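Data first, discussion second: the structure below is written as structure tokens.
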Protein chains: 2
Amino acid sequence: MLYLIGLGLGDAADITVKGLQAVRSCSRVYLEAYTSILTVGKEALEEYYGKELILADRDLVEQGADEILKDADVTDVAFLVVGDPFGATTHSDLVLRAVSSGIPYRVIHNASIMNAVGCCGLQLYNFGETVSLVFWTDTWRPESFYDKICKNRTAGLHTLCLLDIKVKEQSVENMMRGKKIYEPPRFMTVSQAADQLIQIIQRRRKEGAELGMTEDTVCVGVARLGADDQAIRTATLRQLVSCDLGGPLHSLVVTGRLHPLEVDMLRVNAEPNALDQLLVVDSSTSCS
Amino acid sequence: MLYLIGLGLGDAADITVKGLQAVRSCSRVYLEAYTSILTVGKEALEEYYGKELILADRDLVEQGADEILKDADVTDVAFLVVGDPFGATTHSDLVLRAVSSGIPYRVIHNASIMNAVGCCGLQLYNFGETVSLVFWTDTWRPESFYDKICKNRTAGLHTLCLLDIKVKEQSVENMMRGKKIYEPPRFMTVSQAADQLIQIIQRRRKEGAELGMTEDTVCVGVARLGADDQAIRTATLRQLVSCDLGGPLHSLVVTGRLHPLEVDMLRVNAEPNALDQLLVVDSSTSCS
């Protein structure tokens, strides 16, 4: 059996009881280590689970699936994923390979950012399509996520923006020299995401394009959701550029039309009176 | 402290380790019992958690919040919610009351249908706005969810349809007589939901309206997601009318534009070759 087990968000104790039982019963346990992270590392998980974990980087999952699935028809193998196994990043390839090899699989679900973000005070069923923001380079500055955010806003919907993670990346130089030297991991912050959005807004404003959002649009920055030291900050996009929400992972929500109950909930995580000012400033956000 | 604890989907063992520790440390534990259910009842949970649970029906949560929050500034109180506390149904009111009473609150997240539905093979970030289908009555047959589904489809997005739950409902007769006699609980099935959608399609076709979906649109019916006996059925809307996915809870997904990898995943839960036939039949679903 192949178990795909969600670890939830936060730390080692966020695994479900069913998930922990499965981990302890498996002969091999892989930890997917390139699409998300918990606030604790591999060693803390190993100690808590009482099991040795095998780190599964992108290469292993994408090219070494046979290794992961080896003997899984006669023994139990666990594949651990931060959040839910079918959350923001799915592991469909691994599942399809298991199915085609006649290996049964079972999913043990957990919270992911896709549903836990509801704790910021915005109703999940008022969210539209989720988007991803990637680190821009000198030559690659995609903007398609911006259009999706605006489309959601036109329909009155909020947008969850997942922020880029770069782990085990090689510099172009090292890659060309064939050196397996990796850059330090990078996690996009709410501040960096807000800055990127503002650059797009400013560029489009210069071009005279219609703007679906502005620097004054109400947004929510969240960090380490589910952890003891989680941070939630409701502010304008402009204000979020200068906010420091601490360590990874961060996500950003761009609001659409706000329901009064949502405003009340957002107020819990905003400075006193700040939200009223924000809602006055942001004429594009109607509060009906 | 007020703990809002998600129980996840499935059975008693789907609570997180952190959640279970919190439940066991609380002096009073409420079980929210009107927006969702697990596959096991209150007694099984009590035995597993080693705690007595107080059933919280809609009346208690909406009118008796003071009772739930009593002394929560000096003792720990848990409020258990199937799925995630901020999943499909939020409990913002309770949180806002706690905040205004100076009672700190903490959320322990878990899987909800809003993210676990990803296991059907459709990518979560390709979902648009979530909709709810309610039981129609002779005089009340709302159709607004249909327009939202079509809007999502136009944008290429899938739609998660949450299906109605009626617990502790009084008949109009008993309500008028002031008799506190309740009807047996009702849970909308995938079959009933598909039938309701087809009635709307047929009515609109007669009116000559443009149809955003048809009886041949590919849909996915899911039941008891996360439980040992979960069921996932990929078929046309028409075929789902006659499918029996067993006991509650059921949900329905109406697909939008399908990615090849999604088609491969859907195939896992469809009859052999069925999906290819479906995709040919459903000319409104492009597979690009």
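Where a number appears in this text, it was derived from the coordinates with a stated rule and is not lab data. Quantities reported herein were computed from a predicted structural model and do not represent experimental measurements. Using ideal geometry, Cβ is built from the backbone for each residue, glycine included, and neighbour counts are taken over all protein chains shown.
Normalising the average separation of contacting C-alpha pairs (under 8 angstrom, six or more residues apart) by the number of residues puts the relative contact order of region A:43-158 at 18 percent.
Within region A:1-91, what percent of beta bridges assigned by DSSP are antiparallel, to the nearest 5? In region A:1-91, approximately 15 percent of DSSP beta bridges are antiparallel ones. Each Cα pair under 8 Å and six or more residues apart adds its separation to the average, and for chain A the resulting relative contact order is 18 percent. Distances between copies of B:Thr75, taken at a point 7 Å out from Cα along the Cα→Cβ vector and listed shortest first: 5.0 nm. Sorted shortest first, the distances from the B:Glu143 label point to those of the same residue in the other copies are 4.0 nm; each point sits 7 Å from Cα along Cα-to-Cβ. By the Kirkwood approach, averaging reciprocal distances over each pair of separate Cα atoms, the protein assembly as shown gets a hydrodynamic radius of 24.8 Å.
Given a Förster radius of 35 Å and the C-beta distance between B:Trp136 and B:Ser27 as r, what FRET efficiency does 1/(1 + (r/R0)^6) yield to the nearest 0.05? E between B:Trp136 and B:Ser27, to the nearest 0.05, is 0.20. Among beta bridges identified by DSSP and lying wholly in chain B, the antiparallel ones come to about 50 percent. For region A:206-260 versus region A:1-25, the inter-centroid distance based on Cα atoms is 31 Å.
The relative contact order of region A:8-57, computed from alpha carbon pairs under 8 Å that lie at least 6 residues apart in sequence, is 48 percent. Sorting A:Glu32, A:Glu207 by the number of Cβ atoms found within 10 Å of their own Cβ, with the fewest placed first, yields A:Glu207, A:Glu32.
For region A:60-159, the list of GluC sites (Glu not before Pro) that fall in a loop by DSSP and count at most 15 other C-beta atoms within 10 angstrom reads A:Glu143. Summarising the amide proton neighbourhood of B:Tyr3: residues at separation of 5 or more, or on other chains, whose placed amide H is nearer than 5 Å comprise B:Val77, B:Ala78, B:Phe79, B:Arg106. Here the Karplus relation 6.51 cos²θ - 1.76 cosθ + 1.60, evaluated at θ = phi - 60°, turns the backbone of region A:122-134 into coupling constants of 9, 6, 4, 7, 9, 8, x, 4, 7, 10, 10, 9, 9 Hz, with x for every Gly and Pro. By Cβ position, the chain B residue that hugs the axis carrying B onto A most closely, with its distance in whole Å, is B:Asn115, 2. Of the DSSP H helices in chain B, not one has a Cα length along its own long axis of 15 Å or more together with a mean Kyte-Doolittle hydropathy reaching 0.0.
So what's the back-of-envelope 222 nm ellipticity for chain B, counting only DSSP H runs of four-plus at -39500 (n - 2.57) apiece and dividing by all residues, rounded to 500?
On the way: 12 runs with 96 residues, N = 288.
It lands at -9000 deg cm²/dmol.
Between copies, A:Lys166 shows label-point distances of 5.7 nm, shortest first, with the point placed 7 angstrom from Cα along Cα to C-beta. DSSP beta bridges fully contained in region A:131-267 are about 85 percent antiparallel.
Tell me the trypsin sites (Lys or Arg not before Pro) within region A:117-168 that lie in a loop according to DSSP and have at most 16 other beta-carbon atoms within 10 Å.
Of the trypsin sites (Lys or Arg not before Pro), the ones in loops of region A:117-168 whose Cβ has at most 16 other Cβ atoms within 10 Å are A:Lys168.
A full extension of the chain between B:Asp147 and B:Arg205 corresponds to an added length of 19.5 nm, given 0.36 nm per residue minus the alpha carbon distance.
Site pair A:Asp244 and B:Ser100 shows an inter-label distance of 3.6 nm when each label is modelled 7 Å from Cα along Cα→Cβ.
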